[in-house]
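Read the structure below first, then the notes.
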Amino acid sequence: MTTAAPLINNTQISVNVTTKTQEQILYQSSGAIVAAIVVGVIIIFTVVLLILKTYNRRMRAKRELEPKTTKTSMPPALGQNSHSTSQHPTVTFIPVDIHMQNR
């Protein structure tokens, strides 16, 4: 047994055209503009980041390839033993953790 499908009445054709209002068109176009601006900003940040990375690499390579120079001794300050040629003793501070437990 077969069941017959109901016949569709094709005599009345209704045109269902959805017309967009000008407000909807403006909303869609403004969304597209915002998306384009966001994509443009991301591209600009990416380009700047890549430029900075390559600059950093070049400067690091340049610093590593340069011959290392020894630091020149600082002239003694005026008024503080300017006639002596001896070096002033240096004090190195090594922080010690107060809460360190004795084992």
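The values are calculated or read from the model by the stated rules, or taken from the named source; none is laboratory data. Everything numeric here is computed off the predicted structure, so don't read it as measured data. Cβ coordinates were reconstructed from backbone atoms using ideal geometry, including for glycine residues, and neighbour counts include every protein chain displayed. The protein model used for the area step is the full one, side chains on, heavy atoms only, and it has no ligands, DNA or RNA in it. Shrake-Rupley method; radii C 1.70, N 1.55, O 1.52, S 1.80 Å.
Any idea which of PRO76, PRO89, PRO6 is at pLDDT below 75, over 33 Å from the mean Cα position of the chain (by Cα) and open to solvent by less than 100 Å² (accessible area, probe 1.4 Å)?
PRO76
Across the range 50-68, what is the total count of residues that are surrounded by 10 or more Cβ atoms within 10 Å (Cβ to Cβ) and of a type outside the set (Val, Ile, Thr)?
Selection size over the range 50-68: 10.
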